[in-house]
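The values are calculated or read from the model by the stated rules, or taken from the named source; none is laboratory data. Predicted model, so just to flag it, every value in this text is computed and none were measured. Cβ atoms come from the backbone with ideal geometry, glycine included; neighbour counts cover every protein chain shown. Remember, those area values only see protein heavy atoms, side chains included, never the ligands or the DNA or RNA. Shrake-Rupley method; radii C 1.70, N 1.55, O 1.52, S 1.80 Å.
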Amino acid sequence: MTVMTGQVRVAVISLGGAVVGGLLSYLVQHTTQRSAERFEQQRRRIALPETRRAERLAPLERFIEVSAQAGRCACTRPSQWEDTDEWYLTARDVMYRLWVADRLLRIHFPRPVHDAAHTHFLGLNRTVWHGLPDGESVRDHLEGNRSAFLDTAREAMG
């Protein structure tokens, strides 16, 4: 019976060791998993503002690019044109894309940015389709609105 009792003790101690080892293993895995989850949440919290900034930067870049194309259309505006002229077809396409870019800024930015962009858009639109009085520079005429828009956009981007 003592031999049996000794074997039972060994078996119980062995089983206890396995239970303690399993508990320790579980605790280590659980702690590691929680630590990894916290790290991932922190990484997402840090990445979210950068992602949002990039999402806002794309329509801003598009508006700036298309407004530059519209400025080139204004600079090359002939005194007269037909609906079939290459200048008119190009200007019509550019002004449509600028109109869309203007509306995208309204979606992505606060009202002051859109207001400044829209003022710049209206100045470009008027200059492309109606021209300027003789002797007035397109660049000088558009510079005030362009600068106001860029300053407002810079403030909004932080």
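Summed over segment 1-53, residues that are under 30 Å from Ile107 (Cβ atoms) and among the basic types (Lys, Arg) total 5. Listed by first and then second residue, the pairs linking a residue in segment 18-42 that is modelled with pLDDT of 80 or more to a residue that is open to solvent by less than 80 Å² (accessible area, probe 1.4 Å), with Cβ atoms under 8 Å apart and 6 or more places separating them unless they lie on different chains, form an empty list. Kindly indicate whether Thr5 is surrounded by fewer than 10 Cβ atoms within 10 Å (Cβ to Cβ) and out of contact with any helix residue (DSSP H, G or I) (no Cβ under 6 Å at 6 or more places or on another chain). In short, yes. Residues of segment 68-96 that are in contact (Cβ under 8 Å) with a residue 60 or more places away in the chain and either touching a Pro at 6+ places or on another chain (Cβ under 6 Å) or more than 15 Å from Leu132 (Cβ to Cβ) (or both): none at all.
Only a single item in (1) assigned to a helix (DSSP H, G or I); (2) open to solvent by 100 Å² or more (accessible area, probe 1.4 Å) is not met by Ser14, and it is number (2).
Within segment 68-158, which helices (runs of 4 or more DSSP H) (wholly inside it) include 1 or more residues that are under 28 Å from the mean Cα position of the chain (by Cα) and at pLDDT below 95?
Per the criteria, 86-108, 138-157.
State whether the residues of segment 92-102 include one that is closer than 20 Å to Gly123 by Cα, charged (D, E, K, R) and open to solvent by less than 60 Å² (accessible area, probe 1.4 Å). Looking through segment 92-102, at least one residue is closer than 20 Å to Gly123 by Cα, charged (D, E, K, R) and open to solvent by less than 60 Å² (accessible area, probe 1.4 Å). For segment 95-141, filtering for residues that are β-branched (Val, Ile, Thr) and over 20 Å from Ala153 (Cβ atoms) leaves 3. Annotation: of all residues in segment 47-62 being hydrophobic (A, V, I, L, M, F, W, C) and surrounded by 10 or more Cβ atoms within 10 Å (Cβ to Cβ), the one that is farthest from the chain's Cα centre (by Cα) is Ala47.
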